[in-house]
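S.K.: This structure is in structure tokens; I'll ask about it shortly.
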Amino acid sequence: MKFSGVTRREFLGGSAAAVSVALLPRLGLARVVLAGATEAESAQDDMDRDLLEVTIPKLHAFYEAKKYTTTQVTRWYLSRIARYDRVYRSMIHVDSAGALATAAAQDAAATKSGAQLKRGLLWGVPIVIKANTSVKGLVTSAGWYGYLVPGHELIAPRDATVVAKLKAAGAIILGQTNMPDFAASDANFSTAFGRTGNAYDVKFSPGGSSGGTVTAVAANFCVLGTGTDTANSIRMPAGTSSVVGVLPTRGLTSIAGIHPLNWLLDNTGPIARNVTDAAIALEVMAGADPQDARTRDAGARAPTGPYTKYLNAGSLKDKRFGVPAFIVQSGNDIAPGASSIALRPDTRALFLKAVEALRAAGATVVVDDAILPSSFLELVGAIKTQPYTGEGTETFLRDYGPAEYRSPAEYARAVGSPLPAFVRGASSIGRDPNAPTLRIENDPQAEGNVWGPQRQAVAAYDETLDRFKLDGLVYPSAQMPPNDEMIPLAEGRRSDGPHSNTGWVNAIGVPAIVVPGGFYANGLPFGLELSAKRWRDGDLVGWSFAFEQATKFRRPPTLTDKR
């Protein structure tokens with residue numbers, strides 16, 4: 001080993017004669033080199049301490065104090081992805097060049113404007129986007145290999161509405177997160193990229209379909225990310241990974257530019273490590289959009305912002321929450337043939353501890369068999385959206401597909417194979433697979449299939465909250481812990497869990513938030529979910545914040561870079 005020309009023997013103490021006057025300049029240079037290396041290591045340690053688990057307000061404070069540039073912060077996250085994500089595989093695509101270009105532009109603007117710089121709510125905040133959400137110039141794979149066929153990639157011609165909003169607020173997009181094909185699974189395997197592991201133990205499932213985003217957020221590969229949710233896909237994965245997942249009231253955020261699974265149930269919202277950051281991101285993402293008719297009431301009915309004004313540590317005091325009966329049923333309580341999944345004993349134990357924490361924070365929690373019994377699921381089950389899934393896919397490809405194909409039929413002609421039947425709406429029972437796409441606005445059966453049953457289910461939900469004088473409901477985000485995906489299943493089947501009993505939330509369009517609720521004995525996270533009436537998103541943010549501040553359950557995972 002040599003230190004700038006000084007041999008190891010000379011440096012570590014050869015004979016006194018060896019350390020002659022002639023060597024002193026060389027030793028001085030060695031000291032400078034060593035001192036420089038030590039200072040660099042110290043600066044890196046400082047940056048690691050500052051940025052691990054950093055919040056948006058704290059990151060903005062660093063920028064304002066000129067402690068870090070956006071380029072430095074962006075490179076810090078990219079280096080973590082490069083080091084660790086070859087193990088966890090949360091990112092299906094890392095756009096290093098795009099992220100660094102955005103950061104450089106922001107740094108130049110900061111230098112030019114100085115104290116006059118006006119920063120957006122997410123200025124300089126590195127984020128990730130789920131792979132079904134259009135980012136101009138990147139491939140919207142939706143986790144499916146068919147959109148990555150060489151020469152036929154689905155390259156987004158423009159940004160999804162929520163992505164445009166995030167960019168306008170100053171967010172730096174690091175890349176896209178892995179997801180199961182078309183978001184159609186509770187596990188996070190994709191034909192485009194493979195498996196994503198849980199940040200707390202890579203052998204275990206992070207859940208799906210926003211498993212890539214929750215792993216990236218939990219592992220500090222970004223500050224926050226986006227998720228989508230058709231039946232539980234923001235909330236259940238958030239629970240597996242000790243992060244905050246927000247499912248807004250349907251219509252608060254636009255799904256335009258997001259590849260649908262079932263557009264009548266799909267929704268999008270932020271995933272973050274803390275409620276404050278989630279509230280800031282929700283403020284950016286929310287709002288009416290002419291491309292999404294379901295958002296037309298957002299301006300008139302949405303809570304008055306900003307959502308950070310609801311962040312009150314005392315907001316649980318004197319609030320009342322009910323526990324849905326069908327969710328906390330054990331296996332012995334579930335009727336044969338029922339769609340409900342039994343609550344595992346270890347999950348029940350953590351849920352009861354979380355309930356006690358709610359009570360300690362000043363809330364009342366009501367347990368009663370009449371609070372959403374199994375009959376409520378029958379009302380939800382009467383909502384038949386599947387016949388209309390093809391309309392969502394056609395609309396997406398028309399508006400966000402590449403020039404080569406702007407419809408499922410054009411895709412089949414261009415690539416030589418069709419989209420999967422369930423995405424085209426051709427798998428609905430009793431439907432001719434060659435029949436024209438059924439459009440809900442023109443279907444005389446739409447009232448009986450969707451709108452009428454949905455109104456009945458919403459009325460039953462609201463009536464229950466009113467009858468028991470409840471502000472909201474509280475329940476586990478999943479019925480079981482994250483599962484070990486390395487354990488082989490019978491007949492070579494792939495693990496497809498964990499599972500939840502929370503798809504009803506999407507069917508009736510009410511808001512829900514998942515917050516860290518503790519940890520299982522094996523160190524894997526448990527999530528607590530709260531829901532409320534439509535358009536009470538601000539109140540939900542406040543209650544979640546109060547629970548977070550009272551419990552401080554989240555702790556970052558210890559990552560490994562060894563496969």
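S.K.: When the residues of the stretch 220-234 are narrowed to those that are surrounded by 24 or more Cβ atoms within 10 Å (Cβ to Cβ) and in contact with an Asp or Glu (Cβ under 9 Å, 6 or more places away or on another chain), which ends up nearest to Ala187 (Cα to Cα)? Step through it out loud before you land on a result.
M.R.: Of the stretch 220-234, the ones surrounded by 24 or more Cβ atoms within 10 Å (Cβ to Cβ) are 221-229, 232-234.
Then keep just the ones that are in contact with an Asp or Glu (Cβ under 9 Å, 6 or more places away or on another chain); that gives 221, 223-224, 228-229, 232-233.
Values: Phe221: 20, Val223: 23, Leu224: 21, Thr228: 14, Asp229: 13, Asn232: 12, Ser233: 10 Å.
Ranking the candidates gives Ser233 first.
S.K.: Looking only at the stretch 49-71, filter to residues that are more than 16 Å from Asn220 (Cα to Cα) and among the basic types (Lys, Arg); which one of those is surrounded by the fewest Cβ atoms within 10 Å (Cβ to Cβ)?
M.R.: Lys66
S.K.: With the checklist (1) out of contact with any helix residue (DSSP H, G or I) (no Cβ under 9 Å at 6 or more places or on another chain); (2) assigned to a loop (DSSP other than H, G, I, E, B) in hand, flag the one item Asn506 doesn't pass.
M.R.: Asn506 satisfies every listed condition except (2).
S.K.: To continue, here is another question. Out of Asp399, Asp368, report the one residue that is under 29 Å from the mean Cα position of the chain (by Cα), in the same structural domain as Asn483 (by TED's automatic domain parsing) and modelled with pLDDT of 95 or more. Can you show your working first?
M.R.: Numbers: Asp368 fails: under 29 Å from the mean Cα position of the chain (by Cα).
Within the list Asp399, Asp368, the selection yields Asp399.
S.K.: Testing Gly151 on (1) free of Cβ contacts under 8 Å to residues at least 24 places away in the same chain; (2) crowded, with 24+ Cβ neighbours inside 10 Å, one condition comes back false. Which one is that?
M.R.: Only one criterion is unmet by Gly151, namely (2).
S.K.: I've got another one for you. Enumerate the helices (runs of 4 or more DSSP H) found wholly within the stretch 48-156, keeping only those where 1 or more residues are in contact with a Phe, Trp or Tyr (Cβ under 9 Å, 6 or more places away or on another chain) and over 30 Å from Arg555 (Cβ atoms).
M.R.: On the way: elements: 56-64, 70-88, 96-113.
Result: 96-113.
S.K.: Could you check, for the stretch 373-382, whether at least one of its residues is farther than 14 Å from Val474 by Cβ, of a type in the set (Gly, Ala, Ser) and in contact with a helix residue (DSSP H, G or I) (Cβ under 8 Å, 6 or more places away or on another chain)?
M.R.: Of the residues in the stretch 373-382, the ones farther than 14 Å from Val474 by Cβ are 373-382.
Restricting the remaining residues to those that are of a type in the set (Gly, Ala, Ser) gives 374-375, 381-382.
Retained after the next criterion (residues that are in contact with a helix residue (DSSP H, G or I) (Cβ under 8 Å, 6 or more places away or on another chain)): 382.
The answer is yes, given that some residue of the stretch 373-382 is farther than 14 Å from Val474 by Cβ, of a type in the set (Gly, Ala, Ser) and in contact with a helix residue (DSSP H, G or I) (Cβ under 8 Å, 6 or more places away or on another chain).
S.K.: While we're here: From the list Pro516, Pro453, Pro498, which one is assigned to a helix (DSSP H, G or I), in the same structural domain as Leu311 (by TED's automatic domain parsing) and not acidic (Asp, Glu)?
M.R.: On the way: Pro516 fails: assigned to a helix (DSSP H, G or I); Pro498 fails: assigned to a helix (DSSP H, G or I).
The match here is Pro453.
S.K.: Name the residues in the stretch 293-324 that are in a helix (DSSP H, G or I), surrounded by fewer than 20 Cβ atoms within 10 Å (Cβ to Cβ) and among the small types (Gly, Ala, Ser), would you?
M.R.: Answer for the stretch 293-324, where residues must be in a helix (DSSP H, G or I), surrounded by fewer than 20 Cβ atoms within 10 Å (Cβ to Cβ) and among the small types (Gly, Ala, Ser): Ala293, Gly299, Ala300.
S.K.: Got a sec? Which of Thr268, Thr240 is in contact (Cβ under 8 Å) with a residue 40 or more places away in the chain, of a type in the set (Ser, Thr, Tyr) and either under 29 Å from Gly401 (Cα atoms) or out of contact with any strand residue (DSSP E or B) (no Cβ under 9 Å at 6 or more places or on another chain) (or both)?
M.R.: Working: Thr240 fails: either under 29 Å from Gly401 (Cα atoms) or out of contact with any strand residue (DSSP E or B) (no Cβ under 9 Å at 6 or more places or on another chain) (or both).
Only one candidate passes the filter, namely Thr268.
S.K.: Now, a different point. Val202: closer than 24 Å to Leu121 by Cα and assigned by TED's automatic domain parsing to the domain that holds Arg534, yes or no?
M.R.: Values: closer than 24 Å to Leu121 by Cα: no; assigned by TED's automatic domain parsing to the domain that holds Arg534: yes.
For Val202, the condition - closer than 24 Å to Leu121 by Cα and assigned by TED's automatic domain parsing to the domain that holds Arg534 - is not met.
S.K.: Please find, among Gly492, Gly518, Gly527, the residue that is surrounded by fewer than 23 Cβ atoms within 10 Å (Cβ to Cβ) and in contact (Cβ under 8 Å) with a residue 24 or more places away in the chain.
M.R.: On the way: Gly492 fails: in contact (Cβ under 8 Å) with a residue 24 or more places away in the chain; Gly527 fails: surrounded by fewer than 23 Cβ atoms within 10 Å (Cβ to Cβ).
When all the criteria are applied, what remains is Gly518.
S.K.: Looking at (1) at pLDDT 95 or above; (2) on the phi > 0 side of the Ramachandran plot; (3) in contact with a Leu (Cβ under 7 Å, 6 or more places away or on another chain), find the lone condition where Gly425 falls short.
M.R.: Going through the list (1) at pLDDT 95 or above; (2) on the phi > 0 side of the Ramachandran plot; (3) in contact with a Leu (Cβ under 7 Å, 6 or more places away or on another chain), Gly425 breaks only (1).
S.K.: Scanning for something within 30 Å of Ala459 (Cα to Cα), in contact with a Ser or Thr (Cβ under 7 Å, 6 or more places away or on another chain) and of a type in the set (Gly, Ala, Ser), does the stretch 390-409 turn up at least one residue?
M.R.: Yes, the stretch 390-409 has at least one match.
S.K.: Determine whether the stretch 197-209 contains at least one residue that is within 14 Å of the chain's Cα centre (by Cα) and either part of a strand (DSSP E or B) or modelled with pLDDT under 95 (or both). Give the steps one after another, and end with the answer.
M.R.: Initial filter on the stretch 197-209 (within 14 Å of the chain's Cα centre (by Cα)): 198-199, 206-209.
Narrowing further to those that are either part of a strand (DSSP E or B) or modelled with pLDDT under 95 (or both): 198.
Yes: the stretch 197-209 contains one or more residues that are within 14 Å of the chain's Cα centre (by Cα) and either part of a strand (DSSP E or B) or modelled with pLDDT under 95 (or both).
The rows are residues; the columns are (1) more than 17 Å from Tyr147 (Cα to Cα); (2) outside any helix (DSSP H, G or I).
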position: Phe376; (1), (2): yes, no
position: Lys384; (1), (2): yes, yes
position: Tyr388; (1), (2): yes, no
position: Glu391; (1), (2): yes, no
position: Glu394; (1), (2): no, no
position: Asp399; (1), (2): no, no
position: Pro402; (1), (2): no, yes
position: Arg406; (1), (2): no, yes
position: Glu410; (1), (2): no, no
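S.K.: Of all the residues that make up the stretch 440-450, how many are loosely packed, with under 15 Cβ neighbours inside 10 Å and either part of a loop (DSSP other than H, G, I, E, B) or at positive phi (or both)? Please lay out each step first, then the result.
M.R.: Step one: of the stretch 440-450, the residues loosely packed, with under 15 Cβ neighbours inside 10 Å are 441-442, 444-445, 447-448.
Adding the requirement that they be either part of a loop (DSSP other than H, G, I, E, B) or at positive phi (or both) leaves 444-445.
Selection size over the stretch 440-450: 2.
S.K.: Which ones in the stretch 364-404 are without any contact (Cβ under 8 Å) to a residue 60 or more places away in the chain and crowded, with 18+ Cβ neighbours inside 10 Å?
M.R.: Gly390, Glu394, Leu397
S.K.: Then there is this: Quick check on the stretch 118-130. Is at least one of its residues at positive phi, of a type outside the set (Phe, Trp, Tyr) and surrounded by 15 or more Cβ atoms within 10 Å (Cβ to Cβ)?
M.R.: To start, the set of residues in the stretch 118-130 that are at positive phi comprises 124.
The next check asks that each one be of a type outside the set (Phe, Trp, Tyr); those that pass are 124.
Among the residues that remain, those that are also surrounded by 15 or more Cβ atoms within 10 Å (Cβ to Cβ) are: 124.
Yes.
S.K.: In addition: What is the number of the single condition among (1) over 30 Å from Gly208 (Cβ atoms); (2) in contact (Cβ under 8 Å) with a residue 24 or more places away in the chain that Thr111 does not meet?
M.R.: Going through (1) over 30 Å from Gly208 (Cβ atoms); (2) in contact (Cβ under 8 Å) with a residue 24 or more places away in the chain one by one, Thr111 breaks only (2).
S.K.: Looking only at the stretch 534-553, decide whether some residue is in a strand (DSSP E or B) and either among the polar types (S, T, N, Q) or closer than 19 Å to Gly227 by Cβ (or both).
M.R.: Going through the stretch 534-553, the residues in a strand (DSSP E or B) turn out to be none.
No.
S.K.: Let me ask something else about it. Of the numbered conditions (1) farther than 30 Å from Asp48 by Cβ; (2) of a type in the set (S, T, N, Q); (3) in contact with a helix residue (DSSP H, G or I) (Cβ under 7 Å, 6 or more places away or on another chain), Thr464 fails exactly one; give the number of that condition.
M.R.: Here Thr464 meets the rest and fails (3).
S.K.: Do we find a residue being under 19 Å from Ala512 (Cβ atoms), part of a loop (DSSP other than H, G, I, E, B) and aromatic (Phe, Trp, Tyr) anywhere in the stretch 338-358?
M.R.: no
The values are calculated or read from the model by the stated rules, or taken from the named source; none is laboratory data. What you see is a predicted model; the values in this text were computed from it and never measured. In this analysis, Cβ positions are derived from the backbone assuming ideal geometry, glycine residues included, and neighbour counts consider all displayed protein chains.
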